[in-house]
Structures are given as C-alpha cells and as structure tokens.
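What follows is calculated from the coordinates using simple rules that are stated; it is not laboratory data. Everything numeric here is computed off the predicted structure, so don't read it as measured data. Quick reminder, even Gly has a Cβ in these numbers, built from the backbone with ideal geometry, and neighbours come from all protein chains shown.
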Amino acid sequence: MTTAFVSHQDCSLHNMGPEHPESPVRLHAIRRVLERTGLLDRLTQLEAVPVTAEQIRLAHADLHQTRLEMKVPEQGVVYTDEDTALCPDSLHAANLAAGGAVLATDAVLSGSVRNAFVAARPPGHHAEYRAAMGFCFYNNVAIAACHALQHAQIKRVAILDFDVHHCNGTVDIFQNRPEVLVCSTFQHPYYPERYAEIERPNIVNCPLAAFSPASDWRDAIAQRWLPALHEHQPDMIFISAGFDAHKEDPMADLNLEEEDYRWVTEQIMEAADVLCGGRLVSVLEGGYNPVALAFSVLAHLEALSTE
C-alpha cells in the first residue's frame, strides 16, 4: 500500500494579504519540492472534497459554521480576530481543508492506502469548539478524528501535535472526551496562552522554553508521548503536523531541523504499526518559512512512505 497525498488547488484561494505569514506560497513550496524530488509521483494523489455541515458539527458548535459564513466579505478581508482574516474564498478553502482530512481518514480506514498526508490550508488546530482563531476556522484534525470515531472499529484515537504553538482548539474540543488522547509539544510561554496548564488524563502537554535544543523536544516525545500512546491503545493515530518549530521559521524560537521531523514521524509510525495496524493520518498545520516548510514536509513524507 502507498501513502496518500491529499490536497486541492483551491486551498490557495484563501489569502489574508501579502504580508500575512499564512500564505498560499506555503502549499506552492511544498508541491514544488515534492515534484522536483520525484516523491509526489510515488504517492497516491487524492483531491480534497468539501466537508459537510454534519461533519463540522461533530467537532464544533451547531452555529459555528453559520457565524463564519455571515462574516465572509464580498471583497477584501474581514478579521475574525487580530490574526485571522476572511476573504471571499476563505471558507471554500477551509471546507476543502477539513474535507481533505475526512477524505484521508476514509482512505486509510478503507485500506486503500497505508497512511495519508493532507497538504491543505487554512490550518485548524487553534479553532475551538465555538471560536475561530490563530489562522484557523475549522479544526481539521478534530473533525477527522470525530469522523473516525463514527466507524464501528474505531473506539479510541490519538492526536499528536508537534506544531510550535499549543493546540488549544484540539484540547478545547476533546478535554472531556477520554476516548481521544491529545499530546502536544509547544513553545511556552507563547501564543495562544490557553489550556497550557490544563490537567486531564487524556491531555499530555509538553511545554518547551524558547531556544530549547532539539534534544529536549525528542526527550518529551520519547518520555511522555510514546508511553501515553501505548497506555491509551488507540485504534487510529492523527498528527497535527506543524513545521514552525524549525530553527529557520520566523514565528517562534525552537531549533528543530528536517531530520527531527523525520525522526518523530518514524517514532509515530512504529507506534502505529504496533498499536493500530499502521492507521495514520497527518494534517498540515503551521510552518511559515516556505523553504524550511517544504523540506520538512519532504522528510515527513519520505518517512511516511517508507515500506
């Protein structure tokens, strides 16, 4: 079986302005590197489809989508918070990003692919049950995880988030759902400054000080994430794959490199093979230096697609 690469060209229509770091350039850079290295041709390419309203409501309040739709401008941009703006095509892109995560989940559950990576934007892990924030409108990975839990064979899932920012939205949605394990490494104190101190048996927060060495990040994964995974015994694993902890990323102050992302992917795949038959879906979150992002995704996908 192969690795699926799920994307859609219309995810580039979401544009918050030329100075905004969450830019269409991110996806263009990823695709360019994957094409030039030949890796893209070795993946099963799937085109994302829009998420349904029912699927959004698995992870968000009933009126969350409607409130966002009422804010979409006819032209220009409208800010939903100080960091997050809607343009006329933003929710179309967001629907495809969330729908791509659902499509990837179905592809893995059907056995047609071994695992999947969703290269879509806008990202999702800051979107809370009732609120869009931090560049995020719908929580893509949360919607996909909830969708997986609708399947009879999936009783427990795990979400592993190595974005440099804490996954406040994912924690907000699942803090009282013990069937979902949420593990996160993140720079602290730092944005979003929400839920970093929460204590729940199913929430494993691993804060790291600015300028921490990559060895501290690896230790947190080996000593906290992996034991929690084996205790939880998930039937499927999801990754919130943010690459903004890279040492060249302008958005934060951690010191990861491409080989760190390859290493964590290998660790997660090994756990997935033991725990859940390799069922694994990875969903793009942050990463704002286009070159560092593209080559980090390359390392991530090379590991995912290794037989």
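Numerical summary
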| item | result |
| --- | --- |
| Candidate set from the stretch 71-85 (those that are within 21 Å of the chain's Cα centre (by Cα) and either in a helix (DSSP H, G or I) or without any contact (Cβ under 8 Å) to a residue 60 or more places away in the chain (or both)); member that is surrounded by the fewest Cβ atoms within 10 Å (Cβ to Cβ) | ASP81 |
| Selection within the stretch 98-123 - of a type in the set (A, V, I, L, M, F, W, C) and not in a helix (DSSP H, G or I) | VAL113, ALA116, PHE117, VAL118, ALA119, ALA120 |
| The stretch 133-150 - residue that is part of a loop (DSSP other than H, G, I, E, B) and out of contact with any helix residue (DSSP H, G or I) (no Cβ under 6 Å at 6 or more places or on another chain) and, of those, surrounded by the most Cβ atoms within 10 Å (Cβ to Cβ) | GLY134 |
| Residue, surrounded by the most Cβ atoms within 10 Å (Cβ to Cβ), within the stretch 37-64, restricted to residues that are within 29 Å of VAL291 (Cα to Cα) and touching a residue at least 60 places away in the same chain (Cβ under 8 Å) | ALA48 |
| Neighbours by Cβ (under 9 Å, 6+ apart or cross-chain): first from the stretch 218-245, more than 24 Å from ALA101 (Cα to Cα) and free of Cβ contacts under 8 Å to residues at least 24 places away in the same chain; second of a type outside the set (Phe, Trp, Tyr) and crowded, with 24+ Cβ neighbours inside 10 Å | GLU231/LEU181 |
| Residue that is surrounded by the most Cβ atoms within 10 Å (Cβ to Cβ), among those in the stretch 151-174 that are outside any loop (DSSP other than H, G, I, E, B) and among the charged types (D, E, K, R) | ASP161 |
| Qualifying positions in the stretch 8-42 - more than 21 Å from GLU82 (Cα to Cα), in a loop (DSSP other than H, G, I, E, B) and under 19 Å from the mean Cα position of the chain (by Cα) | HIS8 |
